[in-house]
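*Asks:* Got a structure here, written out as structure tokens. Questions coming.
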């Protein structure tokens, strides 16, 4: 465990930039006194804000740049205009040069993933990185991946994601052997994709020390918390995430309308205010903000672009934990275990 | 519009069989006096129930069979054991022989789709059927397809689903030109599947009389009701549906826990009971029960297996409307329009 966790912040990322990033970092520092920050961005906008947070100022240094990636830049544009010089690139660069342990950005996902992939590269044996998020469930929290880093997944990529997701879940959920399920559909006739089936077969036949494969799960198992780690390819994963967000907002809308439709309901609302506050907190997307890029030589955290300082602090927090509990080492160990299994049992090693 | 709508019921389908199907049909008949029923299944179990509903008995005839498809039968098993003789097959067969206009079953989806495909066959020019459902949204209701009839979709299948979904939405939503969106993911770097992009291009370049293509939508647009018809391939569609169901149950669980956590909250709950009842009704999956099989030479409705009589009545109701408003004719007209467009504009006709 490193004594210090060094965190590089893309101060210009997100819908708001420094006014969210700086207070967010200050908030995170309060509960994480071992954090140190490299704050990358426009010094003229960062310094005045930093003046309000002396503790953060003492734990930070600023790396100035004028260049910022816009939220609607395409990845190719972002690379053309922002490679080597944007706040996003330089935050990742700090990780690359081992000046930081983790980079956190609320900037646009496509650009961040493109830059992280080009600059940090994928870990040996991992072909494609994935984006994993913490999903609140009825049982607590689960890790769900991939949420859109790539479309489609072959058998090997699904197995790799199961390993990487387990490593992340060990840190987040403090479980030594997280349960893992492959997302599939329940309609008998079609029985799911070939790749999902063969990844499931491999995981069943090759038990690993830190991964407890339990089989297929369906969409409604995510919210139930049936498994600690849900693995799927990025198209379906992204649609599942967005659909769940949409459904939560929809029910919130119904609830609000229902609670204001009569005097009785409004009185009831007043009595139950505490309960509604608890409910709102449960459903608060800020609490689980922070997508983790998995499979790269470095830890990169994506915060929601529209989040506030509390949400950004949550993303910094996740980055902190991933570094402190050595995510990359845990993933590497899993990959070694997998290689050993594949070598010991060549019969089951027919991975496409 | 036919004077009568003739409905074939698989009385043995679902978790409960006749005790749900018979009262469900009776309920549907009350609001649909022009319905006539062919009730297929075990006469010894159907007749005693029917005795309690004289109106339904007068509007029905029973077709007896001993054979029923089990909820966990695989489609291949179901075909082996139930072709020509099961209640599910015979309900579809009534449609095939033009003795009924629509078949409704709460039996297992895979078996029902397999039998419907084999016996009714797909409409000319349609390669694969789809399952469409009514999705409650903040704006009202939308049609979402495919929910799992097949995995993956090429450009032509996506276009066909847009046409078929629009025809269904015209009937359900009473709109002459429903808005249609293709479900995609928003991560810029990956920009969605090639097939989704080229289907979008075709729909944009070939305006059709009863379909207003508005572009890509994301998962959270479904609950918002951004478009009247959401089109996607079956794997992602099934996962979206199940994820939304799981999220709704999850929030219901949070709400229940929040409302019983303190005396104040319980008092508030008592005052707001009416509002909670309204909310529960909004979220009631029975209200929108009834998956419509699209693309077949006949109308087949799939009810949830676990539904009660009220939910089964809703499924019968949807079948009734689809027949009364001539779903199949509307789909055929759309296909003719599409062919004309494709012929007029060969440049845009490069459909894979």
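The values are calculated or read from the model by the stated rules, or taken from the named source; none is laboratory data. On a predicted model such as this, the values are computed, not experimentally measured, just so you know. Don't worry about glycine lacking a Cβ; one is built from the backbone with ideal geometry, like all the others, and counts go over all protein chains shown.
*Asks:* What residue, among those in the stretch A:66-80 that are in contact with a strand residue (DSSP E or B) (Cβ under 9 Å, 6 or more places away or on another chain) and in contact (Cβ under 8 Å) with a residue 40 or more places away in the chain, is farthest from residue A:36 (Cα to Cα)?
*Replies:* Step by step, filter the stretch A:66-80, then rank; the result is A:69.
*Asks:* Can I ask one more? Which condition number does residue B:116 fail, the rest of (1) more than 14 Å from chain A (Cβ to nearest Cβ); (2) in contact with a helix residue (DSSP H, G or I) (Cβ under 7 Å, 6 or more places away or on another chain); (3) more than 29 Å from residue A:234 (Cβ to Cβ) being met?
*Replies:* (1)
*Asks:* Same structure, new question: Restricting to the stretch B:177-189, count the residues that are more than 14 Å from every other protein chain (Cβ to nearest Cβ) and outside any loop (DSSP other than H, G, I, E, B).
*Replies:* Residues in the stretch B:177-189 being more than 14 Å from every other protein chain (Cβ to nearest Cβ) and outside any loop (DSSP other than H, G, I, E, B): 2 in total.
*Asks:* Kindly provide the set of residues from the stretch B:140-150 that are surrounded by fewer than 22 Cβ atoms within 10 Å (Cβ to Cβ) and either modelled with pLDDT under 90 or at the interface with chain A (Cβ under 10 Å from one of its Cβ atoms) (or both), ordered by number.
*Replies:* B:150, the sole residue that qualifies.
*Asks:* Right, another one. For residues that are farther than 21 Å from residue A:111 by Cα and either in a strand (DSSP E or B) or modelled with pLDDT under 95 (or both), tally how many sit in the stretch A:1-30.
*Replies:* Within the stretch A:1-30, residues that are farther than 21 Å from residue A:111 by Cα and either in a strand (DSSP E or B) or modelled with pLDDT under 95 (or both) number 6.
*Asks:* Just checking, does the stretch A:32-42 include any residue being in a helix (DSSP H, G or I), in contact with a helix residue (DSSP H, G or I) (Cβ under 7 Å, 6 or more places away or on another chain) and free of Cβ contacts under 8 Å to residues at least 60 places away in the same chain?
*Replies:* no
*Asks:* Looking at the structure I just gave you, is residue B:307 in contact with a helix residue (DSSP H, G or I) (Cβ under 8 Å, 6 or more places away or on another chain), at pLDDT 85 or above and surrounded by 24 or more Cβ atoms within 10 Å (Cβ to Cβ)?
*Replies:* Answer is no for this residue.
*Asks:* With respect to residue A:115, is the statement that it is within 16 Å of residue A:42 (Cα to Cα) and modelled with pLDDT of 95 or more true?
*Replies:* It is false that residue A:115 is within 16 Å of residue A:42 (Cα to Cα) and modelled with pLDDT of 95 or more.
*Asks:* Could you say which residue among A:278, A:272, A:313 is surrounded by 23 or more Cβ atoms within 10 Å (Cβ to Cβ) and within 14 Å of chain B (Cβ to nearest Cβ)?
*Replies:* The unique qualifying residue is A:272.
*Asks:* Can you pull out every residue in the stretch A:51-63 that is closer than 22 Å to residue A:85 by Cβ and surrounded by 15 or more Cβ atoms within 10 Å (Cβ to Cβ)?
*Replies:* Across the stretch A:51-63, the qualifying residues are A:60, A:62, A:63.
*Asks:* Checking residue B:264 against (1) modelled with pLDDT under 85; (2) within 27 Å of residue B:170 (Cα to Cα): exactly one of these is not met. Which one?
*Replies:* That leaves (2) as the condition not met.
*Asks:* Among the residues that make up the stretch A:207-219, is at least one of them under 15 Å from residue A:142 (Cα atoms), crowded, with 16+ Cβ neighbours inside 10 Å, touching a residue at least 40 places away in the same chain (Cβ under 8 Å) and at the interface with chain B (Cβ under 7 Å from one of its Cβ atoms)?
*Replies:* The answer is no; no qualifying residue exists.
*Asks:* Then there's this: Looking only at residues that are more than 17 Å from residue B:158 (Cβ to Cβ) and touching a strand residue (DSSP E or B) at 6+ places or on another chain (Cβ under 6 Å) in the stretch B:118-139, which one is modelled with the highest pLDDT?
*Replies:* It comes out as B:120.
*Asks:* Could you list, in sequence order, the residues of the stretch A:226-267 that are in contact with a helix residue (DSSP H, G or I) (Cβ under 8 Å, 6 or more places away or on another chain), more than 8 Å from chain B (Cβ to nearest Cβ) and crowded, with 24+ Cβ neighbours inside 10 Å?
*Replies:* Hits for the stretch A:226-267 are A:227, A:228, A:229, A:230, A:231, A:233.
*Asks:* Here's a follow-up. Identify all residues within the stretch A:81-96 that are more than 20 Å from the chain's Cα centre (by Cα) and over 15 Å from residue A:21 (Cβ atoms); write none if there are none.
*Replies:* The answer is A:81, A:82, A:83, A:84, A:85.
*Asks:* Same structure, new question: Of the residues B:223, B:165, B:192, only one is at positive phi and either out of contact with any strand residue (DSSP E or B) (no Cβ under 7 Å at 6 or more places or on another chain) or more than 7 Å from every other protein chain (Cβ to nearest Cβ) (or both); which?
*Replies:* B:192
*Asks:* Against the conditions (1) closer than 23 Å to residue A:258 by Cα; (2) in contact with a helix residue (DSSP H, G or I) (Cβ under 8 Å, 6 or more places away or on another chain), where does residue B:325 fall short? Just the number, please.
*Replies:* (1)
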